[in-house]
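> One structure coming up, written as structure tokens, with questions to follow.
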Amino acid sequence: MSTNQPLWRMVANLGDVNPIEYGGMFVYIDRRKHYEPEIEVLAVLNNDQSLSWEIYRTTLEPHTYIDGVLSDNKFHPEFPVWYADKIHDVAQTVGMEDLELINLLCSQIPVERAHAYIAIADNFGWHEFDSYARTYSKRSELPRRIRRYNGRR
């Protein structure tokens, strides 16, 4: 039995143009449309002597907002997402109205959802979305897709 494997294509870098030096946030879509879009975050860890990197990756789940309930569960939209009760605080930190942020989370456009996820992760940390971040201590260990992107305009 074969499974439908994703064929990822990067559609946006919402971070720096030189992500290896300054960090990057890449939005990917599955060309085969079997999987939801994902965001991959390259965080630069600047130690005194050297650089290292962490990569977080999470699915950009589309949300629903029905009867005042913000949910990321399409099968049970009556169950709120874990940060639903903090959406006002998150929206304030990025200078948005609550409904503005909610609309981004419910958007069908992956890059718009990515902006909302970035706002939430800036408040709670990317580890809340991916608790198994991969760490790299050498530039040459970074995935080829990131090394190849670095500096491209």
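Read the figures in this text as sums done on the coordinates, not as results from a lab. These numbers come from a predicted model, not from an experiment. Backbone-built Cβ (ideal geometry, glycine too); neighbour counts: all protein chains shown.
> Which loop-located chymotrypsin sites (Phe, Trp or Tyr not before Pro) does segment 42-113 contain, where loop means any DSSP state but H, G, I, E or B and the Cβ has at most 15 other Cβ atoms within 10 Å?
Taking segment 42-113 and a limit of 15 other Cβ atoms within 10 Å, the loop chymotrypsin sites (Phe, Trp or Tyr not before Pro) found are Phe75, Trp82.
> Show me the GluC sites (Glu not before Pro) within segment 88-151 that DSSP assigns to loop and that have at most 11 other Cβ atoms within 10 Å of their Cβ.
Loop-located and lightly packed - Glu97.
> Tally Lys and Arg at +1 and Asp and Glu at -1 over the other residues with C-beta under 14 Å from the C-beta of Asp130: what net charge comes out?
-3
> Treating the angle as unsigned and between 0 and 90°, give the value, to the nearest 10°, between the Cα long axis of helix 110-124 and the longest Cα principal axis of the chain.
90 degrees
> Here is a follow-up. Which lysines, if any, have their Cα less than 23 Å from the Cα of Lys86, not counting same-chain residues under 8 positions apart?
Counting by Cα, and skipping residues close in sequence, Lys86 has these lysines nearby: Lys74.
> With semi-axes √(5λ) of the Cα gyration tensor in Å in mind, check (i) 24, 21, 12; (ii) 29, 26, 14; (iii) 28, 20, 14 and report the label derived from this structure.
Looking at semi-axes √(5λ) of the Cα gyration tensor in Å for this model, the match is (iii).
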